[in-house]
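Data first, discussion second: the structure below is written as structure tokens.
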Amino acid sequence: MKVHEYQAKSIFASYGLPVDRNIVCRTPDEAVAAYKQLGLAKAVVKAQVHTGGRGKAGGVKLGSNEEEIRQHAEAILGMDIKGFTVDRVLVSEAVNIASEYYMSILVDRKSKCPMLMLSRAGGMDIEQVAKETPEKIEKIVIDPTIGMSDFLAREAAFKLFDNMAQVKQAVPIFKNLYKLFVEKDASLAEINPLVMTQEGTLKAIDAKMTFDDNALFRHPDIAELFEPTAEEKKEREAKDKGFSYVNLGGSIGCMVNGAGLAMATMDMIKLYGGEPANFLDIGGSSNPEKIVEAMKLLLADKHVKVVLINIFGGITRCDDVAKGLLEAFKVIQTDIPIVIRLTGTNEAEGRAILEGTHFNVATSMADAGHKAVELSKQL
Ligand code: GDP
Ligand code: MN
């Protein structure tokens, strides 16, 4: 789960990390009031959205009087950044940057440990640095049974700074960031950039955190910050109805019984050159109501051009499934072509029931895949 910069900064502050003073605002008037309240000469107005790259998108702007702050807030509120509409801005104390550093702790799958990532080339181009000059990014695996010892924090600090006074400032930042990472069950805690100001103090001017969804039950205060995207809302609704559903953005809607078969169906669609719209496991029954709910879910996705139903009849018999489908499609009104593949117990009977209806009955998994991909390209 992601949180906004202002929320991450408030968690950072509670762990003694050096963040700037800031106020979150929803209107240009609020932004001006915040600027006055903070009593700042220079302030930065920043879009609060669940994505990075705000600076490059024009979502971070410096202002040094009320009029400028108002103009920036007006320009940034309502802006679209990578598909997210800005409904809040952060007005925060601007700092005089001497240099920008990158620092993060994440869970490294390879070592199965928390890992510290550091770079002297922090700032808005870190993705490019990672791609083109990966040697500029230091990685330190942290032994979770030992944690962030003083020794390790110093070793890390020396990777970023040469000057002893700066190293001394950085050590508690490493220790506190690690403490927060562990205690809050984060999967990522990132400061980019961590800046050295012209006055010689270290400041975290950006903050990013993501949390392990499976541990949110331990952190009701964080769980409360959840702001689902339209997709996540749909996935939750599906879960409440007993489906496992993941949107994938393609044009072939899939309705499958069993997670393994659903995975194989997506692989097959890809293999034949198509794009699955989703992963959907409807579970084991042929219950028409369940099929209706699943179809509603698929048809609500405007990218879906074809629906591919792939059912393996084990205990659920194919003729029952076929009857269930006919029943369900009395309720569902759609012009979208539906390809169906039924196999397993009573498959011949099942297919016979569907012959001559508006279902496009496939004879094998490969046939179904080809048909669905072809139809998705015709339309
Ligand atoms: P991101 O692009 O979404 O990662 O947003 P950041 O919060 O990292 O801001 C992007 C860039 O804006 C930073 O790398 C800085 O160069 C600049 N910036 C942000 N805050 C300040 C500030 O207080 N003073 C100055 N001078 N620049 C800032
Ligand atoms: Mn940043």
Check your understanding: Within region 247-258, can one find any residue that is surrounded by fewer than 17 Cβ atoms within 10 Å (Cβ to Cβ), in contact with a Ser or Thr (Cβ under 9 Å, 6 or more places away or on another chain) and in contact (Cβ under 8 Å) with a residue 12 or more places away in the chain?
Key -> no
Point to revise | Residue within region 98-106 that is away from ligand 1 (no atom under 13 Å from the Cβ), at pLDDT 95 or above, within 21 Å of Ala186 (Cα to Cα) and in the same structural domain as Asp206 (by the TED database) present | key: yes
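Going through Lys9, Lys42, Lys2, Lys46 one at a time, which residue ends up being closer than 19 Å to Thr197 by Cβ, assigned by the TED database to the domain that holds Ile126 and in contact (Cβ under 8 Å) with a residue 40 or more places away in the chain? Give the derivation first.
Values: Lys42 fails: assigned by the TED database to the domain that holds Ile126; Lys2 fails: closer than 19 Å to Thr197 by Cβ; Lys46 fails: assigned by the TED database to the domain that holds Ile126.
From the options Lys9, Lys42, Lys2, Lys46, the qualifying one is Lys9.
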Review point. If we scan region 343-355, do we find a residue that is over 22 Å from Asp240 (Cα atoms), part of a strand (DSSP E or B) and at pLDDT below 95?
Key: yes
Review point. Looking at this structure, is Ile315 out of contact with any helix residue (DSSP H, G or I) (no Cβ under 9 Å at 6 or more places or on another chain), over 21 Å from Leu248 (Cα atoms) and not polar (S, T, N, Q)?
Key: yes
Check your understanding: Which residue, of Asp240, Asp213, Asp221, Asp206, is more than 16 Å from ligand 2 (Cβ to nearest atom) and at pLDDT 95 or above?
Key -> Asp221
Study note, to complete from the structure: (1) away from ligand 2 (no atom under 13 Å from the Cβ); (2) surrounded by fewer than 16 Cβ atoms within 10 Å (Cβ to Cβ); (3) not assigned by the TED database to the domain that holds Gln169 all hold for Cys113 apart from (3)
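Filter region 170-219 down to the residues that are among the hydroxyl-bearing types (Ser, Thr, Tyr) and either within 14 Å of ligand 1 (Cβ to nearest atom) or without any contact (Cβ under 8 Å) to a residue 24 or more places away in the chain (or both) and list them by number. Reasoning before the result, please.
Step one: of region 170-219, the residues among the hydroxyl-bearing types (Ser, Thr, Tyr) are 178, 187, 197, 201, 210.
Across region 170-219, the qualifying residues are Thr197, Thr201.
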Practice item. Determine whether Lys46 is surrounded by fewer than 21 Cβ atoms within 10 Å (Cβ to Cβ) and within 12 Å of ligand 1 (Cβ to nearest atom). Key: no
Practice item. Identify the residue in region 188-199 that is surrounded by fewer than 19 Cβ atoms within 10 Å (Cβ to Cβ) and in a strand (DSSP E or B) and, among all such residues, is nearest to ligand 2 (Cβ to nearest atom). Key: Leu188
Exercise for review: Could you list all residues from region 32-73 that are at pLDDT 95 or above, closer than 30 Å to Ala230 by Cα and among the hydroxyl-bearing types (Ser, Thr, Tyr)?
Suggested key: none
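Among the residues of region 144-170, which ones are aromatic (Phe, Trp, Tyr) and more than 34 Å from the chain's Cα centre (by Cα)?
Narrowing region 144-170 to residues aromatic (Phe, Trp, Tyr): 151, 158, 161.
If the condition is that a residue be aromatic (Phe, Trp, Tyr) and more than 34 Å from the chain's Cα centre (by Cα), then Phe151 is the only one that fits.
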Review point. Any residue in region 270-293 that is surrounded by fewer than 21 Cβ atoms within 10 Å (Cβ to Cβ), in contact with a helix residue (DSSP H, G or I) (Cβ under 7 Å, 6 or more places away or on another chain), β-branched (Val, Ile, Thr) and assigned by the TED database to the domain that holds Asp367?
Key: yes
Review point. Does Asp212 satisfy the criteria of being in the same structural domain as Pro144 (by the TED database), surrounded by 14 or more Cβ atoms within 10 Å (Cβ to Cβ) and farther than 25 Å from Arg21 by Cβ?
Key: yes
Check your understanding: Does Ala94 meet the test of being of a type outside the set (Asp, Glu) and either away from ligand 1 (no atom under 11 Å from the Cβ) or in contact with a helix residue (DSSP H, G or I) (Cβ under 6 Å, 6 or more places away or on another chain) (or both)?
Key -> no
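Results for (1) outside the structural domain of Lys234 (by the TED database); (2) over 22 Å from Ile269 (Cα atoms); (3) in contact with a strand residue (DSSP E or B) (Cβ under 7 Å, 6 or more places away or on another chain), shown as yes or no for each residue.
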{"site": "Lys302", "(1), (2), (3)": "no, no, no"}
{"site": "Gln333", "(1), (2), (3)": "no, yes, no"}
{"site": "Arg341", "(1), (2), (3)": "no, no, yes"}
{"site": "Gly344", "(1), (2), (3)": "no, no, yes"}
{"site": "Gly350", "(1), (2), (3)": "no, yes, yes"}
{"site": "Ala372", "(1), (2), (3)": "no, no, yes"}
Study note, to complete from the structure: By residue number, the members of region 67-89 that are under 21 Å from the mean Cα position of the chain (by Cα) and either charged (D, E, K, R) or not in a loop (DSSP other than H, G, I, E, B) (or both) are Asp80, Ile81, Lys82, Phe84, Thr85, Asp87, Arg88, Val89
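For every residue, the table says whether it meets (1) within 23 Å of Ile315 (Cα to Cα); (2) out of contact with any Cys (no Cβ under 6 Å at 6 or more places or on another chain); (3) not aliphatic (A, V, I, L, M).
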| site | (1), (2), (3) |
| --- | --- |
| Leu225 | no, yes, no |
| Pro228 | no, yes, yes |
| Glu232 | no, yes, yes |
| Gly242 | yes, yes, yes |
| Tyr245 | yes, yes, yes |
| Met255 | yes, yes, no |
| Ala259 | yes, yes, no |
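The values are calculated or read from the model by the stated rules, or taken from the named source; none is laboratory data. From a predicted model like this one, the values you see are computed outputs, not experimental measurements. Virtual Cβ from ideal backbone geometry, glycine too; neighbours counted across all protein chains shown.
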